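Okay, so here's the structure we're looking at.
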C-alpha cells in the first residue's frame, strides 16, 4: 500500500485545534472556508498518492544523474512536475497578483505534508522555489517581479537558494562569492556554492538562483552580504528565454538519502562572470535570507512530520500483514505482529508523535496567517511572537522526532526493514538531512534560547505556558482515568518547562556558554511539552464530540493516543529540564585535548 | 584520520572496573596477566588500524557482488582475511585442544570491539564462525570436532548460522526446512534460508553451515527443531575437500548498510538434497541455537559500542579541524567547531555513552570468564546470573545507543555528514542492523523481563541494585561537586530502576501484556542505570589515582565524563520507570482498526 494522506486527522486539527474557522474570518481568506480547504486537501491527497508516491522508491534507486554540467532527474519526475504545475499546486499560497491562489498557510502546510510524505525528493524542488518567490515578492524590484515572479508562481521556472560555500556552511560571515557592479546596473557574479538543492535539473525551462555574494566595497562579515538574482537563462525583452548564463552545475553529491534530489556544486562565472541583478538593497542580503529561511525552516519541520507519517503508514501495513509468533498471553495460531505489545508500543510511539507534531505545526501555520492578516495589531503581534518562538521548535523538534519515527518504522519491519526493497530504510535515510539543512538542530536551538527567549526575558514562552496551564485546568474538569493521567503528566511537564525557561532567561546574559549547553535539550523539552499540550487539547475536543453523541471511533482513539503520548513521551520532560539546568558543568569541563 | 583503538580506556576498564587481575587468577587463565592482555590489545589495535580500517569505506562503496551462485567480496577483503588468519586472530578465545589460544572473553571482547570499529562488514565473518565453533565445541560429535573444528578455529574455514526462513523471522517454531535421515547416518537437507551472513563468499576454502531443520517425525513447533552441520564442500577421509554440497547462495540482499557483508538467500537441496550431519541430539536444536545466540548477542552488543566509538573518533577529528563561526562568548576570529557548546555536548554524549557501554560490556565479559572458570560453585552461579541478566542489556541497550551515537556523529559533521564520501553516514547505516539481528531489541527486552526478571522474582536484579547502592555510598564519601552530583542522580536512577523491576516481578504473571509494553523502556532503564553505575565506579577509581598523585589528565576527564553522563543521560531514568509502570493503558487501548 502506498501513502494515503491522513485526511481525517488533518481535518480534525484544522477545525478543532488550529482554528480554521478563525482563519476564514481573516481579510482576504473569506473564501477559504473549511469546506473549501477540505476539498483542496482531498485533491492534493489524490495527487500525492497517484502521481508522486509511485515515483518515490524508483527515484531513490535511480537517483538524479550528472553529466556534462547537466542533471537528469529519475524517470517520471519530469512528467510528474509537468502535472504538478498544470494542476496549479505550485501557486497555492502564491500572490494572486502574480497568478497565485492566495490561500492560507494553514492549507499549504497540510498540502506540503502530503507532497513530502509521498516524495520528499520531488517536493524539495517547489520548496526551494517558494523560498525564492517569497524573497522576490518582498524585496524584488518591480521589474524583477514582472520578469520572474509570475513564471515562478506558476512553476514553469523554479528557484534556488545559494548560501553555502565550501568554507562557509552555517557561517554566512565567511561568504566569498563576489558581485562586481557593471555600467548597465547589473552585477558580474563569480564564486562557488555547494549544497544547492535543484541547482540544476531538467524539470523546468529556467532556474532562478538567488545568490548571496559580496560587492567590492562591502564591509566584512554578515553586514557585507547582498542578495542577487542569477537566472540560468537570461530573459529577452519579449520575455522569451535568451542566452545561457555563466552559472553551471559542476557536480552533484553522493548522499545518504534524498537521492532523486540533485544537490549541486554551482560554479558562477567560470567563463568571466554570471549576469546577476541586485535583490533589495546592497549589504542587506542576510535580512532577506532570513525571510526565506523562516519559511524554509517551517517547511523542513513539515518534512519531518511527513516522513514520520509515511514511515508510520508503511510500518502499520506491515504489522497488520506480517504473521509471526503467538500472542504473548496465549493463542493457538500465529498472529499478526501488531498483536505483540512491543510492536504496538512502537506504532503508538510513531502515531502519537506524528499527531502531536502535526497539531503543533498546523497551529503555528494558522498563527502565521493571523500574524499577517488579522485586523487587530495586538493580535497580529501576539500571533507573530508565537510563530517566532515556535519556528525553531517546529523545525528542530519535528525533524529530530521524524528521524526517530522513521527509525522505529525500520524496527517494526525487523530484518525486512534493513532491506532497501522494503522502502522503510529510505524514509530513515531521507529524514536524516532534515535535522541538518536550513540550520542544524543546534542552530535552531541557539536561535530559540537567544533571540526567542533570553532577548525578551522569556515573555512569549511564559504567555504560552499560561495557555498550557489553562488546558490542564480543563483536563482536571473531565472525568475518567485518561484525563486525570494526562493532566498529571502535562502539569509536571509544564512545571519543568517553566523552570528551564526561567533558568535560561535569568542566566543567558551572564553565562551564555553554560546556558547554550542546554539549548538542544530545551528545544526538545519545549517541543515535547507543546506537543503534549496539543494532544491534550485534541483529547478535550474529542471528548466534546463523544459527549455530543458522536460514535466515530476516531475520537476515543484520539484520547487514548493522547494518554499514550503523556505516559511514553511527555514524561521525559523533567529529565530534559534537569539537563538544561544542571548539564553545563560536565559538558564544559574538558580541555579540547582531553577528548 | 582512521580509527585508532581507545587502548587507554580499554586498559582502564580492564584493570579498574572489570577486574583483569581476578580473571588472571582463574584456573587456565594464569598466563593472561594484565601485561599479556595489554600487549595483545596493542597488536590487535595495529591490525585493526592498518589492515581493516582502510577497507571499510571502499568495502561499503563497492559491496559484495553475487553472480552465478558465487559471491565476490570487495577488493582487499580476501587478502585481509588471509592476514587475519595468519596472525592467529580467529583463534584468540578458541579451545587450545583444537589450536585456539584459550584466552579470556574479557580480552576477546575488546579485540572484537576494535575489529568491528575498524570494519564491521569484515568482522561479521569471524563473528559467525565463532558462534558455529561454540555450538560444535559444546554439542558436536568427536568426529565433527576432529573434522571441522580445528580448521574453523584457525579460520581456514568459516561458519554460518542458518535460522531464518522467509515465513519465520524471529519465530523459530515456523521453521520448515526438512532433514531426512539416510541409511549411512547422515541427513538429506532441503529448504530455503534467508538473511544468512557470509553464507557464501570467497575468503575461505570451505564454509560450514549450521542449519536448523525438522526431521520427518519431529513434533511441531520449537520442540521439533534439530541442528545440522552442512559443509559447502564435503570432506574426504584424508581431510581434503571433496565434492561440492547441494547448498548454494541464490541471491544476496541490497541493504541499508554493511554492504560488504553478503547477506545470502541459501537454497539447500535444490538438486536433491544437501548432505548434513546431526549436531547433538534430534529435537534439541533450539537449545544449541540459544548457546550460539547468547555469544552472538553479546558480540552484537559489542558492535554497537564499536560503531559508537568509530563514529565518535571521526566526529571528534572533524570538530577539531573544521573552523567555522565565532566563539559564542566572543572571539575575534573563527574557531574550530569543538568550541561551540552544542558540538561539545554532542561529543560528550557520544564519548560518555561509549565509555559507559564499554565498561558494562567488559565487566559482563569478565563475569562470563568467572562463570565458566571460577573454582567456587556459588561464585560461578552468581557470575552466570549476572551474565544472563546483562546479555540482553548489552545487546539491546548498546545497539540502540550505538545507533544514537552514530547519528550524533553525522550531526556533528553538519551537511558533510550526509555526504557518503565523509564516512560518518556509513557508521549510521551499518549500525542500523544491530538492533535487529540476533533478536530485535523487543525480543531482548522480552527475554529480560520474562526469563531474567519475572521467572526468579527479580532476585538477580535486586542483588545488582544492592551493589549499585554500595557505589552510591562510596560516592557520598567523596568530596567535590562532581561526586555529589553523580551520587544524587545515580541514587534517583537506582530508585527508579528498583520501582520498575518490582512492578515487573509483581505483575508479570497476572498481566503479561501490560508488563510487556514496558519491556523495552525497562531494558533501556537498566542499561542507562547500569552504565551510570559503571561510570560512577570509573570516577571513583580515577579519584584514587588522582589522590595517589597521578597527574594523567585521563583521570579528571573520566570524572567529568561521569558527571556529564549523570546530568545528560542517567537523569532520564525516572521518566523511563514512569513509562514502565504507567505505560500500558494508552498502548493497549486501541483496537487494531483504530490505528
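Taken together, the values in this text are just the output of simple stated rules run on the coordinates, not laboratory data. From a predicted model like this one, the values you see are computed outputs, not experimental measurements. Cβ placement follows ideal geometry from the backbone for every residue including glycine, while neighbour counts extend to all protein chains displayed.
Numbers for the structure displayed
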item	result
Pair residue B:329, residue B:270: separation of 7 Å Cα→Cβ label points (nm)	6.6
Per the axis that maps chain A onto chain B, nearest residue of A (Cβ criterion) and its distance in Å	A:575, 2
Rounded to 5, the percent of DSSP beta bridges in region A:137-250 classed as antiparallel	65
Cα extents of the protein assembly as shown along the three principal axes, largest first (Å)	90, 69, 62
Ranking of B:79, A:142, A:113 by count of other Cβ atoms within 10 Å, fewest first	A:142, B:79, A:113
Residue order, fewest to most surrounding Cβ atoms within 10 angstrom, among B:447, A:567	B:447, A:567
DSSP-defined beta bridges in the protein assembly as shown - what % are antiparallel, rounded to 5	85
Degrees, to the nearest 10: A:105-139 long Cα axis against longest axis of chain A	50
Degrees separating the helix B:77-86 axis from the principal Cα axis of chain B, which is the longest one	90
Relative contact order (percent, whole number), region B:445-587, Cα cutoff 8 Å, 6+ residue spacing	34
Prolate/oblate/rounded label for region A:157-288 (Cα gyration tensor, a/c 1.5)	oblate
Computed E for residue A:499/residue A:478 - FRET, C-beta separation, R0 30 angstrom, nearest 0.05	0.70
Ranked by how many other beta carbons lie within 10 Å on average, peptides B:93-103, A:50-60 from highest	A:50-60, B:93-103
Ascending count of other beta-carbon atoms within 10 Å, so fewest first, for A:2, A:121, A:243	A:243, A:2, A:121
Largest-first principal axis extents, alpha carbons of region B:194-268, Å	40, 39, 15
Helix axis angle, A:459-476 relative to chain A longest principal axis, alpha carbon, degrees	30
Fraction of beta bridges assigned by DSSP in chain B that are antiparallel (%, nearest 5)	80
Relative contact order (%) - chain B, alpha-carbon pairs under 8 angstrom, separation at least six	13
For region B:84-183: rounded, prolate or oblate by the Cα gyration tensor [a/c cutoff 1.5]	oblate
Region A:157-288: relative contact order in percent, alpha carbon pairs under 8 Å with at least 6 residues between	30
Cα point-scatterer Debye curve for region A:413-466, base-10 log of I(q)/I(0) at q = 0.22, 0.27, 0.32 Å⁻¹	-0.81, -0.96, -1.06
Separation between Cα centres of region A:453-531 and region A:199-213, rounded to whole Å	42
Kirkwood hydrodynamic radius of chain A, Cα pairs, Å	24.9
